[in-house]
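Structure, as structure tokens:
The values are calculated or read from the model by the stated rules, or taken from the named source; none is laboratory data. Computed from a predicted structure; not experimentally measured. In this analysis, Cβ positions are derived from the backbone assuming ideal geometry, glycine residues included, and neighbour counts consider all displayed protein chains.
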Amino acid sequence: MGLTLEHVDRIVDGETHLCDVTLEFPSGSRNILLGRTLAGKTTLLRIMAGLDRPTRGRVLVDGKDVTGVSVRKRNVAMVYQQFINYPSFTVYDNIASPLRLQGVPREEIDRRVREVAEMLRLTPLLDRLPAQLSGGQQQRTAIARALVKDADLLLLDEPLVNLDYKLREELREELTAIFERGRSIVVYTTTEPTEALMLGGNVVILDEGRVLQTGPTDQVYHRPTTMRAAEVYSDPPINYLDLVVEGSQARIGEQVTFALCAHLEGLAPGRYHAGLRANRFFLKRRTDRDVALESQVELSEINGSETFIHVNHQGFPLVVHETGIRTYKMGSTVTVHADPAQFFVFNQEGSLVAAPEVDPGRTPARR
Amino acid sequence: MEKWENNRAWFLILPVFVIVAFSAIIPLMTVVNYSVQDIFGPGQRFFVGMEWFREVIHDERLHSALLRQLAFSCMVLLIEIPLGVLIALAMPKKGWGVSACLVLLALPLLIPWNVIGTIWIIFTRPDIGLLGKTVNDLGIAFDHTARPLDAWITVMAMEVWHWTPLVALLAYAGLRAIPEAYYQAAKIDGASSWAVFRHIQLPKMRGVLTIAVLLRFMDSFLIYAEPFVLTGGGPGDTTTFLSIYLVKIAVGQFDLGPAAAFSLIYFLIVLLFCFVFYQALQNVGTGESR
């Protein structure tokens with residue numbers, strides 16, 4: 001089954017939630033909807049599920065218009081941010097409930113429930129009630145309820161966001177394996193760029209109700225076509241510096257100049273925005289090309305085993321991602337090094353004009 | 001040092017002790033005092049032990065008042081809880097209708113209790129009451145001052161009119177607290193609206209319904225003002241509920257000893273029933289029985 005959205009708009013009380021969304025999800029594909037909160041991710045899922053009708057546009061399944069078809073008549077499964085299970089049913093009955101409603105024979109229900117329960121490691125918990133489970137187990141049950149249906153379309157709306165860090169990592173890995181085995185179209189929404197990269201497949205970058213960019217997750221990561229897409233696909237948000245190109249030289253601010261190199265060579269003279277992710281800034285000099293940016297430390301936050309240092313370089317707020325735990329005094333001066341060969345360059349309209357070459361040995365964070 | 005800290009802790013909880021003493025223990029102890037003595041006047045008191053309790057326990061009129069009270073409270077629960085849930089389910093979920101419904105529902109709750117009795121006396125009078133006159137004109141003889149069944153129906157109708165809104169408001173609050181995603185999930189599963197009610201709404205409302213059952217049981221078991229104004233306990237003794245009978249003993253006959261003993265028994269009965277209800281409702285649907 002293939003799902004197509006054609007020029008879908010969703011307007012509620014004069015407020016545009018989705019604007020001209022055209023997307024195609026081929027059979028068996030894995031798709032990540034990446035966007036910040038209020039980008040329209042959930043709205044889009046609800047339209048795909050058939051819970052809401054688009055204000056304009058069409059939803060097609062295998063070329064057939066299903067825009068007005070009720071959710072009850074579609075073969076979809078959905079997992080929510082909250083842990084949604086029937087409170088008075090045991091885990092077993094919860095997983096079995098969609099099959100019972102479909103009128104599947106008893107033995108088959110039993111076989112399928114046990115199979116899915118095994119896959120999500122719920123077998124020892126089958127007799128418990130949702131209230132007796134931990135958050136992670138409750139969400140596993142909800143995911144099992146969705147998987148057991150073997151639906152054509154599996155929608156997951158930020159399913160891991162309410163779990164703690166460890167459980168999230170664990171469940172994400174399991175989900176990746178489960179998605180690989182299934183035949184359904186998977187649509188998974190998230191706000192986290194790393195999550196999109198870990199799950200792989202295709203990514204749809206959504207911002208303020210519009211599709212900014214689509215493509216394979218890693219390719220989009222390496223070539224965000226607009227500044228907005230780059231911002232959404234970076235955590236912490238990508239850093240921008242003003243860049244002025246004059247002949248074969250480029251200048252950042254007033255003092256820092258460097259020779260155009262690698263992918264920057266063909267740039268016409270003019271003003272640009274240089275984009276650089278936090279993990280491409282270093283406090284140590286690493287290559288001869290590096291530019292050194294004198295900056296003041298404004299804040300340093302420790303996140304797990306990493307440190308994010310918020311600095312200010314002549315009015316440009318920058319975030320530097322350092323591995324390991326370090327402390328920096330507020331107001332102290334540090335020199336931030338960046339390799340111009342790693343710069344994304346956007347023109348004044350915000351479109352990508354030059355992207356760094358991808359070093360095949362250093363694809364980010366994928367497992 | 002540790003001792004000093006312990007003493008200070010006692011000092012800090014002293015205000016609570018004082019408040020509880022004045023709000024509960026001291027008034028309660030005066031009742032206990034009366035229940036075990038025969039008091040004629042200042043300085044004229046005789047200890048009678050369990051005498052008043054024995055007398056009260058063998059009082060036939062008390063037995064029938066207790067049975068009447070139990071029947072009344074059970075009927076109140078059987079009618080008001082389902083009706084309140086139905087009203088809550090039928091109420092609009094958004095828009096101006098919500099405020100309109102909430103105000104309309106809250107109105108009976110805002111009326112003083114003896115005024116409610118008066119309203120219903122006038123409303124159901126066979127000669128001039130809107131309801132009483134209409135029913136009689138339809139050919140159905142109806143007079144709550146003369147016929148016990150009519151008196152019961154009237155008291156019950158008044159009680160339901162007065163207090164069902166409270167149950168409805170509680171149930172409505174419980175319903176509104178269910179995340180939208182539950183309904184969506186049920187819709188995606190293809191569950192019927194009965195299944196949604198039985199397996200999502202009802203279990204999710206358990207907490208508020210427990211409170212509703214407890215409140216309505218306690219309040220209806222202690223009912224006084226409305227039937228006192230409406231029927232005065234009559235005709236005969238047919239609507240004499242426990243508190244009306246208690247007031248007859250205490251104020252009407254001025255038998256303070258038996259009245260005090262009766263009060264304590266009454267209090268213990270309410271406490272016992274509430275405990276039983278609470279325990280039962282806590283265990284419903286938690287799966288211990290499965």
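Please determine whether any residue of region A:114-134 is in a helix (DSSP H, G or I), surrounded by 15 or more Cβ atoms within 10 Å (Cβ to Cβ) and within 13 Å of chain B (Cβ to nearest Cβ).
yes
Take the residues in region A:53-72 that are outside any loop (DSSP other than H, G, I, E, B) and either more than 14 Å from chain B (Cβ to nearest Cβ) or in contact with a strand residue (DSSP E or B) (Cβ under 8 Å, 6 or more places away or on another chain) (or both); name whichever of them is surrounded by the most Cβ atoms within 10 Å (Cβ to Cβ).
Restricting to residues being outside any loop (DSSP other than H, G, I, E, B) and either more than 14 Å from chain B (Cβ to nearest Cβ) or in contact with a strand residue (DSSP E or B) (Cβ under 8 Å, 6 or more places away or on another chain) (or both), the top hit is A:VAL59.
Pick from A:LEU160, A:LEU197: which is in a helix (DSSP H, G or I), crowded, with 20+ Cβ neighbours inside 10 Å and assigned by TED's automatic domain parsing to the domain that holds A:ASP9?
Exactly one of A:LEU160, A:LEU197 is in a helix (DSSP H, G or I), crowded, with 20+ Cβ neighbours inside 10 Å and assigned by TED's automatic domain parsing to the domain that holds A:ASP9, namely A:LEU197.
Report yes if A:LEU206 is in contact with a His (Cβ under 9 Å, 6 or more places away or on another chain), in contact (Cβ under 8 Å) with a residue 60 or more places away in the chain, in a strand (DSSP E or B) and buried (at least 20 other Cβ atoms within 10 Å of the Cβ), otherwise no.
Numbers: in contact with a His (Cβ under 9 Å, 6 or more places away or on another chain): no; in contact (Cβ under 8 Å) with a residue 60 or more places away in the chain: yes; in a strand (DSSP E or B): yes; buried (at least 20 other Cβ atoms within 10 Å of the Cβ): yes.
So A:LEU206 does not fit the description; no.
Restricting attention to region B:39-50, does a residue exist that is touching an Asp or Glu at 6+ places or on another chain (Cβ under 8 Å) and in a helix (DSSP H, G or I)?
no
A:GLN139 fails exactly one of the following numbered conditions: (1) outside any helix (DSSP H, G or I); (2) out of contact with any helix residue (DSSP H, G or I) (no Cβ under 6 Å at 6 or more places or on another chain); (3) within 14 Å of chain B (Cβ to nearest Cβ). What is the number of that condition?
(1)
Is region B:68-85 home to any residue that is closer than 22 Å to B:ILE244 by Cα, acidic (Asp, Glu) and assigned to a helix (DSSP H, G or I)?
no
For the subset of region A:78-104 comprising residues that are among the small types (Gly, Ala, Ser) and at the interface with chain B (Cβ under 7 Å from one of its Cβ atoms), which member is farthest from the chain's Cα centre (by Cα)?
A:SER88
Within region A:172-191, is there a residue that is within 14 Å of chain B (Cβ to nearest Cβ) and either part of a helix (DSSP H, G or I) or surrounded by fewer than 21 Cβ atoms within 10 Å (Cβ to Cβ) (or both)?
No.
Looking at (1) touching a residue at least 24 places away in the same chain (Cβ under 8 Å); (2) crowded, with 16+ Cβ neighbours inside 10 Å; (3) of a type in the set (Gly, Ala, Ser), can you tell me which one B:GLY236 breaks?
Of the numbered conditions (1) touching a residue at least 24 places away in the same chain (Cβ under 8 Å); (2) crowded, with 16+ Cβ neighbours inside 10 Å; (3) of a type in the set (Gly, Ala, Ser), the odd one out for B:GLY236 is (2).
Looking only at region B:88-100, count every residue that is part of a helix (DSSP H, G or I) and free of Cβ contacts under 8 Å to residues at least 40 places away in the same chain and tell me the total.
If we filter region B:88-100 for residues that are part of a helix (DSSP H, G or I), which is where we start, we get B:88-90, B:96-100.
From what is left, the residues that are free of Cβ contacts under 8 Å to residues at least 40 places away in the same chain are B:90, B:96-100.
Number satisfying all stated conditions: 6.
Being of a type in the set (S, T, N, Q) and over 22 Å from B:PRO148 (Cβ atoms) is the filter; apply it to region B:68-117 and report the residue that is surrounded by the most Cβ atoms within 10 Å (Cβ to Cβ).
Going through the qualifying residues, I end up with B:ASN114.
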